[in-house]
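Here's the structure we're looking at; comments come further down.
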Amino acid sequence: MLNRLKTHLFFVCLISSVTLSSSSIALATEQNPAPPTTTATSDTDKPKTQFPEGKALHDTNCVKCHQSMTFEKADDIYTRPERFVKSYDSLKTQIQRCVTNTDLMWFDEEIEKVANYLNEQYYHFEIKE
């Protein structure tokens with residue numbers, strides 16, 4: 001019961017943090033725009049993923065928020081032992097929560113692309129069609 005309460009409390013804090021930090025990120029981005037990025041020039045510079053569109057969506061929209069949480073690196077949220085995501089369907093559901101909490105307005109296809117990328121990189125769930 002205590003573990004369930006802790007998990008629930010953590011989730012509530014996580015949602016609150018996402019909501020608050022998205023406003024701060026938007027303001028900080030307006031005041032300090034990111035420098036222009038360069039494109040890959042050789043095969044070794046290209047991302048090592050089968051889902052480059054999902055990686056691009058993730059890197060653009062998810063990393064800053066996840067880094068602003070208590071984790072040292074943005075991907076710590078995916079690799080921590082007490083992670084919430086336990087299946088491919090729950091991964092897509094969690095992405096939808098993040099999309100909703102940050103007012104991103106993504107289509108299902110974009111959620112699917114990010115889910116495929118994260119699954120490839122971190123989770124390795126079996127995808128049932």
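Every number here is computed from the coordinates shown, using simple stated rules; none is lab data. This is a predicted model, so every value here is computed, not measured. Glycine also receives a Cβ, built like all others from the backbone with ideal geometry; neighbour counts cover every protein chain displayed.
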* **Too-long pairs where the Cα-Cα distance tops 21 Å, listed order kept, from K64/K86; K86/K128; K48/K86; K64/K113** => K64/K86; K48/K86
* To do: Among I95, I111, rank each residue by its count of other Cβ atoms within 10 Å, from fewest to most, as a rough exposure measure.
  => I111, I95
* To do: First select every other residue whose beta carbon is under 11 angstrom from the beta carbon of Q67; then total the charges, Lys and Arg +1, Asp and Glu -1.
  => -1
* Work through the residues other than E112 whose Cβ is under 14 Å from its Cβ and net out their charges, Lys, Arg +1 and Asp, Glu -1. => -3
* Structure fact -> Spelling it out for F84: with amide H atoms placed in the peptide plane at 1.01 Å from N, the residues 5 or more places away or on another chain with amide H under 5 Å from its amide H are none
* To do: Fewest Cβ neighbours within 10 Å first, please rank S68, S87 accordingly.
  => S87, S68
* To do: Beyond 12 Å, what share of the Cα-Cα pairs of the stretch 69-129 is found? Please give it as a whole percent.
  => 69
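Starting from the stretch 50-120, pick out the chymotrypsin sites (Phe, Trp or Tyr not before Pro) whose DSSP state is loop and whose Cβ has at most 14 other Cβ atoms within 10 Å.
Values: sites: F71, Y78, F84, Y88, W106, F107, Y117; in loops: F71, F84, W106, F107.
Listed in order of number, the matching sites are F71, F107.
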